[in-house]
Amino acid sequence: MTFRIPPRLIVVALVLPLFAAASIARAQAPRQPPAPPAPERFDGYQHLRVRVESVRDLRTLASLGAIEAACHGAGIGPSDFIVPPGAAALLDAAGIAYSVLNPNIQHAIDAERAAYDRARAAADAAGAWDLGAAGLRGPDWFSTYHPYDEISDFINALVQAYPALASRFSVGPSLQQRDIFGIRLRAGPPGDRPQVLLNSMQHAREWAAGSSTLWIARTLLAGYGSDPDATRLLDSFEFLIVPVVNPDGYVFSWTTTRLWRKNRRDNGNGTFGVDTNRNWGFQWGGEGSSGTTSSETYRGPAPFSEPETQALRDFVLANPRILLHVDVHTFSQFMLSPWGWTGALHPDQSLYATLNAGMKAAAESVAGSLFSAGPSYITIYPASGVMPDWVAGAAARLSWTYELRDRGEFGFVLPPEQIVPTAQEAWAAVRWASLWLLDHSLFISFAEGDPASVRAGTSTAIDFDVRRAALDPDPDSVRLYWRRGRAAPFQQAPLSTLAPGSFRATINPGPCNSVVQFFIEASTTSGLPVSYPAAGAAAPIEAVVRQFSPAFADDAEIDRGWSLGVPGDTATAGQWVRGNPVGTSAQPEDAHSGLNCFFTGQGVPGGQPGAADVDNGFTTLLSPAINLAGAADARVSYWRWYVNNTQGNYTRDDVLTVQVSADNGATWTDAEIVGPNGLGTQGGWEFASWYLSRLSPPVSPSAAVRLRFIAADIGTQQILEAAVDDVLVEAIACAGAPCPGDWDRDGAVLPADLAAFVNAWIADLAAGTLVTDTDASGDVTPADVAAFVAAWFASVSGAC
Ligand code: 0X9
Ligand code: ZN
């Protein structure tokens, strides 16, 4: 195939005259040499997912000229490589297992270029691209990828089409003096509105990342005034979108090497390129970055040595109202929160976890693509000097890396038909996070979810968090207001601080079966009041006061009837045992408490971590039947340990599944699934707790409740170890039924209950909600008053 220089986009210019500024920007960009060498070809190059089992395997791959395709750095486990023709046969000979994700990279590259040439010819013939904005003729601009100049022209065309909403800006020049341009989107004057920064293509070859941020820009603009979300977002935020952070690399990926990643720095020793996403000056130089100039993750000679990172750094610093930042990449379908440089959790992890879950669900709801979300280091791999770590760490903004489609089938050369579906997923996630931040000035939450039950007693603790979301909280402003029943005035609960942002309120609830209502108030440091729930006293949380009594407690010191493995288990090694574990790098040395715990497979002292881990299937730890008959709910808690070295493994396997059954094991409901990557997969004892009533679907307590822990090693073999200790199941119940005369559920039967009932009955006559249909006749009648009065008299005379 002969390479054709992408023709300068004059078509759009004919239809939509461009601003002079844009022409100047383009005039500054160096022209391509008149006859560039033909692009490098990748005929017969294959994209493989290789099961790397040793450092020797890595050396073999390197000697075959394998290119790391997802930049994990050298590691054991499944990793993607692009290998030259013939390499697969040599891997076979070396006994290294792999699966073929793409049998010939060049086919995808050829198809991609053919699609561009076709679209380009159609645009020339029609005299325009269809920009989806101004109703132009011609091929859809998003039906193909576009070279740098055409992207620049597209930005100008958007600005031209939406002058009231959009403007072009420049972040600065690249190393080769190309403009790193961006588009600013907002409706109305700037005011002090928060900003959202989206940038893409730090990595040149990740073309679908660039088309996605451009598509988001177009979607916001085209939707303003018609789509309620786009309208609200442009009314509330200023969006700053920088589609091509690394223009030199991007141009090179069109002209010469399609799979080029880094910028085009001449390293002076025959190698080219610094990975800008290892060059940021926060924890620069650490794990997951390379000092070798030829490496795909070469960090550069010093933090911020590159003009691209300098310019973007200065741009972020010059825009202090950036609240949300997403650095968009491809591929592998992840939403990655900080940190990348350490496995330690970010101080705002609870906020990040909430946003991770919401963005993942939003992206998955578009077309069913699966995304994984979690802190970068433990969810994909360590990387230091990455932009989001600097944005979160040095500039204190909320920051993510997105990895868009796919999971390896096409990788960086994603077919153009997937440009729009990929962008729609990115947009869904960005939209969800931005809207969430508009609705949440502060992040107020209960550790185990909004309580449905509180513990009976005179001094009951309610623990909750008040942390930053869009704004910072004033810790001195935090209050919890509560009352017995539904009618008394609210009172302020005494509070203590458990940790920064974590609080404990102490209340004195009424007897079992009464209710308490409560809500939280706090202010931002800027004085904005926030209530949780949002309506505060008008719609508080209501919880029933109940006894929490241990129905089953097992510290694993003695045999309390668990089954270590069940019929149907498939693991050939590493089955559950109970005992005193011998530590390896994967398995605990000590039980959580006492000597013993449950764990998967006993290693030998000083043995390999892979010895006696779970292999080739799953192994089940099954509890004895637990009697929860008559309970309203139950709380299950335990300490678990789980190690799964699946970093960089994009397929969903190798998880620890915890399930519960209310029918003695006939049917099961998932309680939690730990892994395959992210939180809870790095070893160490971790506490988990959940309520039967909160599961999906909710589980009703019965006389034969069972728990099971299933540790699975599916697919490629992993080092996998699980352990469980200190299982506690608490029945949540009251001895009797709620007192029928206690209308306001404050725990006392008083004349006020009669008055309250009559008021509610009068309201019900009009509203017809049937809350006062005491005699269950299906209608609100005077007989209901009579029935309630009778119940009230029975109650005061001691019937309950
Ligand atoms: O390695 C990168 O820079 C990103 N992945 S990519 O395949 N697009 O190159 C991921 C960076 C995310 N951060 C960490 N892994 N720490
Ligand atoms: Zn990337």
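The values are calculated or read from the model by the stated rules, or taken from the named source; none is laboratory data. Only a predicted model underlies this, so the values are computations on that prediction, with no experimental measurement involved. Don't worry about glycine lacking a Cβ; one is built from the backbone with ideal geometry, like all the others, and counts go over all protein chains shown. What goes into the accessible areas is simple: the full protein's heavy atoms, side chains included, and nothing from ligands, DNA or RNA. Shrake-Rupley method; radii C 1.70, N 1.55, O 1.52, S 1.80 Å.
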The FRET efficiency for S63 and L498, from their Cβ-Cβ distance with R0 = 51 Å and rounded to 0.05, is 0.40
Pop out the carbon and sulfur fraction of the accessible area of the stretch 323-482 as a percent, whole number, probe 1.4 Å. 53
For V171, the residues 5 or more places away or on another chain with a placed amide H closer than 5 Å to its own amide H are I180, F181, G182
Any chance you could check the Cα centroid distance between the stretch 459-492 and the stretch 345-381 for me, in angstrom? 28
Rolling a 1.4 Å sphere over the protein heavy atoms, what is the accessible area per residue of the stretch 651-788, to the nearest Å²? 41
Using +1 at the Cβ of each Lys and Arg and -1 at the Cβ of each Asp and Glu in the chain, identify which of A111, F237, Y98 lies farthest towards the dipole's positive end. A111
On full extension of the chain, what length is gained from S305 through N319, given 0.36 nm per residue of separation minus the C-alpha to C-alpha distance? 2.9 nm
Computed label-point distance, nm, for sites A538 and S477 using a 7 Å Cα→Cβ extension: 2.0
Length gained, A447-A367, 0.36 nm per residue minus C-alpha separation, equals 25.6 nm
Bridge type composition, the chain - antiparallel percent by DSSP, nearest 5: 80
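What's the extension gain from A737 to A625 if we count 0.36 nm per residue and subtract their Cα-Cα distance?
37.7 nm is the gain from fully extending A737 to A625.
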What spacing in nm lies between the two simple spin-label points modelled at S696 and A357, each 7 Å away from Cα in the Cβ direction? 0.9
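Assigning unit charges at the beta carbon (Lys, Arg +1; Asp, Glu -1) and nothing else, what dipole magnitude in debye, to the nearest 20, does the stretch 155-266 show about its Cα centre?
400
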Student exercise, the chain dipole from Lys, Arg, Asp, Glu Cβ charges, in Debye to nearest 20: 2140
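Carbon-plus-sulfur fraction of the accessible area of the stretch 189-280, 1.4 Å probe, in percent?
53
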Answer with one residue from G768, V785, W400: the one whose Cα lies farthest towards the positive end of the charge dipole of the chain, charges on Cβ with Lys, Arg +1 and Asp, Glu -1. W400
Provide the per residue accessible area, probe 1.4 Å, for the stretch 255-361, rounded to a whole number of square angstrom. 31
Keeping all protein chains in place and using 1.4 angstrom, which order do C800, C597 fall into by accessible surface area, from largest down? C800, C597
Taking a ≥ b ≥ c as the square roots of the eigenvalues of the Cα gyration tensor of the stretch 165-278, is the shape rounded (a/c under 1.5), prolate (a/b larger than b/c) or oblate? prolate
Write down the accessible area per residue of the stretch 128-176 in Å², having rolled a 1.4 Å probe over the full set of protein chains. 31
How far apart, in nm, are two points set 7 Å out from the Cα along the Cα-to-Cβ line at A344 and at A755? 5.8
Where in the stretch 115-172 are there trypsin sites (Lys or Arg not before Pro) that are in a DSSP coil and have at most 14 other Cβ atoms within 10 angstrom of their Cβ? R137
Quick one: what are the phi-derived ³J(HN,Hα) couplings along the stretch 361-367, Karplus 6.51/-1.76/1.60 with θ = phi - 60°, whole Hz, x for glycine and proline? 5, 5, 5, 5, 6, 6, 9
Charged-residue dipole, Cβ positions (Lys, Arg, Asp, Glu), the stretch 170-220 about Cα centre, Debye nearest 20: 100
Honestly the stretch 229-367 on the Cα gyration tensor test (a ≥ b ≥ c root eigenvalues; a/c under 1.5 rounded, otherwise a/b vs b/c for prolate or oblate) is just prolate
Which loop chymotrypsin sites (Phe, Trp or Tyr not before Pro) in the stretch 143-186, with loop taken from DSSP, have no more than 15 other Cβ atoms within 10 angstrom of their Cβ? none
Positive-end residue, the chain charge dipole about Cα centroid, Cβ charges, pick of A447, P475, I67: I67
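Return the Rg/Rh value of the stretch 286-415, two decimal places, where both radii are evaluated on C-alpha atoms and Rh is the Kirkwood radius.
On the Cα set of the stretch 286-415, Rg over Rh gives 0.97.
Write down Rg/Rh for the stretch 705-780, rounded to two decimals, with Rg from the C-alpha atoms and Rh from the Kirkwood relation over Cα pairs.
Computed over Cα atoms, the ratio is 1.40.
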Under the rule rounded for a/c under 1.5, else prolate if a/b exceeds b/c, else oblate, using alpha carbon gyration tensor axes a ≥ b ≥ c, the stretch 373-462 is classed as prolate
Can you give the % of DSSP beta bridges in the stretch 116-232 that are antiparallel, to the nearest 5? 90
Would you work out the relative contact order for the stretch 744-797, in percent, from Cα pairs under 8 angstrom that are 6 or more residues apart? 32
